Each structure stands twice: as structure tokens, then as C-alpha cells.
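A quick write-up on the structure given underneath.
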Amino acid sequence: MKLTTEQYNIINSTGDIKINAVAGSGKTTTVIEYARARPASSKILYLAFNKSVKLEAAKKFTDLGLSNVKVETAHSLAYRHIVFQNKYKVKPQGYKTNEIAELLNLKGNDEKHTEYVIANHINKFIAYFCNSDKQKVQDLNYLDTVTDPKAKTFVSSYYEYIVSQSRLLLSKMNKGEIEITHDFYLKKFQLLNPILPYDYILFDEGQDASAAMLDVFLNQKACKVIVGDTHQQIYGWRYAVNSMEKQKFQTYHLSTSFRFDQDIANLAMEVLKFKKHLDLDHKLSMTGKGNNKEIKTKAILARTNLGLLLKAIEFTTEKKNVKHIYFEGNINSYTYADEGASLYDVLNLYNQKNIMIKDNLIKAMKDLDELEDYIEKTEDVQLSMMVEIVKEYGNKIPGIIKSIKEKHVDNDEKEKAEMIFSTVHRCKGMEYDSIQLVNDFISEEKLEKLKLDKKSEEINYTKLNEEINLLYVAITRTKNSILIPETLMPHDFPKSAVIHLLKVESKEEKASLRSTTMSSYRVKKDDHKSEKVYTVDQPRIKHKDAYKPWTAKLDDELTIMFCKGASIKDMALHFGRTRGAIDSRIKN
């Protein structure tokens, strides 16, 4: 293939360099050509972001006969050095909250489930430490990672205990008394200050590197190349650091995308300008040279599991003629939290069928109120999403999930899917001919409101920067066209871009779109068909008071209506809440 001037400059460079590459700019091709241009006798290590990227890259290097290139992930490299040599046993899924509470025999106070809240924070503190470049647990302040006021108050009260028990759990892993986690052996690898026998080390997806692995990389004598995109950092919640901004290496750019055309490139650049509201760097020069015209793969992308699941429910309900769909990753993972609690566990708690709950943490809860109290103190986003779905759909959930699974195809039949569903985190590095975004991303309007309503010190700039990055990454997954909610569109999108307002065929749909801010634009001019667009915000807007706390006065009013025989539907309309919320409050 014909290389660009930017690619030639990188291939012919010398010394330590960093490459800031926009989406679809051929960075893998560039890195391969860089390796080919080095002496055949040189030893080269290519560090891939995850296992799937590792396998794909290894095949490409092998096909080109580059036997001097070794392809690893950070974890596979650490695994060989630490796990094999120490004969450790690895716990693949990590420790659940209830397992930590039992292992450490944690003690709480008279408040319910305090030991589980403490265990949750111990789990997160250990992940924070293991992904950091620090030598000791005490070198970090875990409170820096806690944002919710209620959670912060709790952690402050138990801080010394959380620290001491975190150190104890790490000690048990180190001695081999219990199984170790993936984070643990990566951390131990970093603390050993390993010297890797390579002349060149190529570090891919550098913007999402953990500080621990970055420390290993920077301490090598090899010639170092770090590749990534400053604006694609979306793993801050896993304590990743944007190494692209931190390193003083000679900077090179790959600014031409071969994935999409200039219309999409313009939209992506305009979205990054949202960062101006946070006084953050938003400069990016991107040229779109993609010319794909096919629409074979279609995907719906969301920021959250909740947003995606709601969209999948609505899509399969509306599009009854669709026979095949596919979820990136395992479809079951969208109904399970990382620690193993399932949507069905939360539903059984809602129905007070505790005997049917499989997860020990959920089983320990008396009702949804207790679970929501736990969620507030731990900032457990996944459980919070599950509670929202259960309140909205209640006992319809099993039937809904069953119908979705019946249409789901296996990995080897993915090409049959008429629609692919994915969160942005799961589809990073992938591309589709046409995409549709769920309305659960950050908008420019929300950013402006935050700036007006909050003091500067109250704004989490790092988190908001990552929220904008998520929208940017989502937009740049398309090769051809994108369906985007109007609320997410930049205020001053260039007039040169071709934008079509979706037509609405009936008065009812027009009213629905107006009331739920779901009217949308389509970038590109190839499709003028009417299509209904949904938003995760719809339940909140429809039930505007759904998330206000219940007061004694409201409880009295609810009791009177209940005693008079009012229906759940009428009470839901009266209080501006979902039927599930009314039913739950009556039970309480």
C-alpha cells in the first residue's frame, strides 16, 4: 500500500518517539513498517492492549516473516515472569465483595452491611495500588478516587481500617496463602524492576496504559515507541494514565483517517471542542479520506450497559421482523455486574424472593432500600444501573431478556447479525459501516450547565474529559454513516456537513419526540428513511419526579390513595413516577 508522508517520517525516525494517531489512521500498518525497517538481527517487543489485539498483531507480523518481533500484552509478559516462577494460582475473575469480607473476617458497626461496604472499598483500593507506579499502599490516598459525598464520608470514617486490611489481603496473595489477581502479578512484575532483553519496544494504545506498566516500559534501555490517541483515553476508571501527554519523546502524528470521510472527521473534531468548556486541550487536525459506500454492518453504541440494554429492549420490541442480533463480548455480561451479581438477583430482591438470589452480597440485603444504601456508600455504578432497570421493567425482565437471547447469534455467526449492540468500551478498536448512538453520552448543554451550576473545585475535569472522549470514540467507529441524537450534536456544527433531520410519519411520534428530546440528525446523505430514535433519558423525562426522595408527606398521600383502591397506574401518573417505583414504595 502507498504510505503517507507522516508514515514515512515515523518509519525513518530515530530515538524514543511517541505517535499521536487519530482513529482509522493505519497505526498498526505504520508500526509494522517501522519494525520491518529495523535490522533483522534486532530484537523487537510489541506490547498490545488486550489478547484479541495481540493475536491479530502476531498473525500480521508472522505473515510478513518478521520472526524477530515478539508480541505480548502487559499481563502476558508479567504472567510469565511472576506466576510461573512463584507457582501462584490466579483467580481469573478476581475477588467478590462478600469473599473479601469472609477472607479478612471484616468487622463493621451496628449499621447494616458495613463489612460489605468496607470490602468493596478494599477491592477498589487494591486495584488502585496495583495499577499505580507507587512502592507502597501508604504512598496513595484512596480518598482521591472517591467522589460521592456519602461514600467519601464513609471511607473517611474507616480509612485506617481500609488501609490495614488492604495491606493484609495483598500480603496473603504475596505469600501464596490465597489466589492472586491479574492486577497483583502485574504490580509485582513492576516492583521487581525487570530488564527486558529487547532493542526496540513498541507500546500500543499508550493513552490507556496503567502507571505500573508505563513504569516498566520507561525503565528499559531499549529504543521506545509509544503509540496512541490522546483523545481516546477511556479507561481512567481502571486507573489508566494518559502517557501520550506525559512523555517528552519526539512527537509524530498520523492525522489522516482511512476509515471515514471528512463529514465524520468534522463531526469528531467539533465534539472534541466540547473540551473548551473545561479549559482543556481540544486541538486536533484530522483529514477523512475513507470512501466506503457499503452498509453491511450496523451497530448501536451506548456509553453504559443500562443505555444499551434499554435500547436493545426497545429495538427488539419495535423491530419484530429482525431475526438476528449480536452483542459485542458475551451477551450474559450485560446482565451481570463485574462481581457476579445478576439482573435476576436484583429482580428477586425487588420481589422479596431472597431464597432465589444466588449472589451472596445481594442475598444479604433485606430489600432494595438496603441495596441502594450500599450503592450510595460504594459508588457501585453497575448495581445502580441494574436497580434502575428493575424499577422500570419489573417482572417483564425475564421475558424481555429471553426474547433478546433468542435472536442473539454466536461469535462465528456475527456476520448474520442485522444489528450489533455494544458499549464503547467493548467496541474500542472496531469499526462498522453504519452506527447509531444511544442518548446516554455527555452533551455540550450538560457541560455548560455544569460550568454554571458548580464551583470550579467541585468539577471533576478528568472524568468529564473522559466522557467527551467516549463520545469521540463512539463517533469514530463508523466507516460510512452515523445516526446521532440531536441533544449530542455540537451547537455550531459546520454548515458544509450534510445533515438530515429524521422525518416523523405520525403526529403521535412527533409528540413523543418533542417530549423526550429524541429528534435526531443523520450525518451523510445516503438515507432519508424514517426511523424512531430512543434515549435512556426517556424514563426520567416521562417520570420527571421518579428520582426525588420520598418524604413523609408523600408517603401519607400514597397510603391514602392505596387505601382508597387507586390503581398502580393512576398512582404512578399522580406522583410522576414509574409503576415499579410505586409498587416498591408500597411494599416498603
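The values are calculated or read from the model by the stated rules, or taken from the named source; none is laboratory data. Note that the structure is a prediction, hence the values are computed from the model and not measured. Ligands, DNA and RNA are stripped out before the accessible areas are found, and what is left, the full protein with its side chains, is counted by its heavy atoms. Shrake-Rupley method; radii C 1.70, N 1.55, O 1.52, S 1.80 Å.
Brief remarks on what is shown
- The range 300-366-the range 157-205 distance, computed between alpha-carbon centres (Å): 32
- Computed P(r) (all Cα pairs; the range 165-314; 10 Å bins; percent): 9, 24, 29, 24, 12, 2
- Whole-angstrom gap from the range 394-430 to the range 75-113, using each part's C-alpha centre: 31
- Accessible surface ranking for 99, 314, 457, 1.4 angstrom probe, highest first: 457, 99, 314.
- Cα-based Rg of the range 369-456 normalised by 2.2 N^0.38 Å, two decimals: 1.49
- The coefficient of translational diffusion for the range 5-54, derived via Stokes-Einstein from the alpha carbon Kirkwood radius under 20 °C and 1.002 mPa s, stands at 176 µm²/s.
- Cross-link check: pairs 377/454; 59/323; 89/407; 59/224; 187/455 evaluated at a Cα-Cα cut-off of 31 Å; pairs beyond the cut-off: 59/323; 89/407; 187/455.
- Overall Cα dimensions of the range 1-120 - principal axes, largest extent first, Å: 69, 34, 25
- Per-residue ellipticity at 222 nm from helix content only, as computed over the chain with -39500 (n - 2.57) for each DSSP H run of at least four residues, stands at -13000 deg cm²/dmol.
- Rounded to 5, percent antiparallel among DSSP beta bridges of the chain: 20
- For the range 49-179, fraction of C-alpha pairs farther apart than 27 Å, in %: 36
- Remark: the range 316-427 projects, on average over all directions, an area of 7.7 nm² (convex hull of Cα atoms).
- Across the range 184-269, Cα-Cα distances exceeding 18 Å account for 53% of all pairs.
- The convex hull around the C-alpha trace of the chain, projected and averaged over every direction, spans 29.1 square nanometres.
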